[in-house]
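Colleague: I'd like to ask some things about the structure below.
The values are calculated or read from the model by the stated rules, or taken from the named source; none is laboratory data. In this text the structure is predicted, and so the values were computed from the model without any measurement. FYI the Cβ positions are ideal-geometry reconstructions off the backbone, even for glycines, and counts take in every protein chain you see. Remember, those area values only see protein heavy atoms, side chains included, never the ligands or the DNA or RNA. Shrake-Rupley method; radii C 1.70, N 1.55, O 1.52, S 1.80 Å.
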Amino acid sequence: MTPSEFRGHADTTYSRTSGCGPNWVMSPTVASDRKQMAGEAWDRRSTWKPSVYYSLGNECFHIAGHEICIRESMDSYGALVWPGAVALSQFLENNCHQVNLLDKAVLEIGAGTGLLSIVASLLGAWVTATDLPEILPNLTFNLSRNSRRRCRYAPQVAALTWGQNLERDFPCTSYRYDYVLAADVVYHHDYMDELLATMCHFCRPGSGTTLLWANKMRFQSDLSFTERFQSCFKTTLLAEFDEEEVRVYKATPRE
């Protein structure tokens, strides 16, 4: 996930954002929602297995016919596997007739630990996984670890900060993707406008690009973003995972 947000212990959440000095104070609603996210991250400790590679652990999944082992950390939200990534990975595995990724160009934004990009690679896609620069080392490690000698195409990694230098780094004339994937990129952060602008940049009229977005609906801000998302794209609700409160949307540009 992106941007990076850091936490010290179960009761305190720290957000690293530009332009926010040490005296910045969150509203009670924002503070409460971010505390909930921090608590959700903290609860994941019980699922981790000891790892010789990393400070806290691994989580393993069996998807697309392979065991996928993901290195995680509590250092940032981007170093954890979240429900949206698991849900969309399972959806892609079980609905190849509906979303066929074989030989397709796929971009993931906010790739985090890389689970979704790994699954797309295993399903035959040519994948570029993107996130903030500080997330890329762990993302690269997970992609390499789980794709080597397994995938039709080796997945690529690139830095992408939502809303920044999109036309310079990913010009429309040179970069076209069949699918853009996004999972749990919406939560309580300050970059909703930049996220939506990034989605619109890659899934623009005439591009032929389909956007697949999965998210756990935790907060009112998530529902507000969903309304904006639906106003920008032609959308279809593909699946709902009630137990995890995750929705999977398909979106195409409004011509």
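Colleague: Roughly speaking, what is the stretch gain from Thr252 to Ser221, that is 0.36 nm per residue apart minus the C-alpha to C-alpha distance, in nm to one decimal?
Modeller: Computed gain between Thr252 and Ser221 is 8.9 nm.
Colleague: Can you check what the net charge comes to around His201, using other residues whose Cβ is under 15 Å from the Cβ of His201 (Lys, Arg +1; Asp, Glu -1)?
Modeller: -1
Colleague: What net charge is computed for the residues neighbouring Phe233, neighbours being all others with C-beta under 13 Å from the C-beta of Phe233, Lys and Arg scored +1, Asp and Glu -1?
Modeller: Residues close to Phe233 contribute a combined charge of +3.
Colleague: Could you check the simple spin-label distance between Ser144 and Arg204, using points 7 Å along Cα→Cβ, in nm with one decimal?
Modeller: According to this spin-label approximation, the distance is 3.4 nm.
Colleague: Net charge within 15 Å of Thr173 by Cβ-Cβ distance, Lys/Arg positive one each and Asp/Glu negative one each, not counting Thr173 itself?
Modeller: +1
Colleague: Further, regarding this structure: What FRET efficiency, computed as 1/(1 + (r/R0)^6) with R0 = 30 Å and r the Cβ-Cβ distance, is obtained for His62 and Leu237, rounded to the nearest 0.05?
Modeller: Given R0 = 30 Å and the Cβ-Cβ separation, E is 0.65.
Colleague: If you don't mind, another one. Which value in Å is the Kirkwood Rh of the range 56-157 over different Cα pairs?
Modeller: Over the range 56-157, the inverse of the mean reciprocal pair distance is 13.3 Å.
Colleague: Ordered by packing density, taken as the mean number of other Cβ atoms within 10 Å over each peptide's residues, highest first, how do 227-237, 104-114, 194-204, 164-174 rank?
Modeller: The packing order, highest mean first, is 104-114, 194-204, 227-237, 164-174.
Colleague: Give me the one-decimal nm value for the distance between modelled label points at Cys96 and Thr173, 7 Å along each residue's Cα-to-Cβ direction.
Modeller: 3.9 nm
Colleague: Can you send over the solvent-accessible area of Trp82, 1.4 Å probe, protein chains only, in Å² to the nearest 10?
Modeller: 10 Å²
Colleague: Related question: Between Arg228 and Asn165, what is the spin-label point distance in nm, taking each point 7 Å from the Cα along the Cα→C-beta axis?
Modeller: About 2.4 nm separates the two model spin labels.
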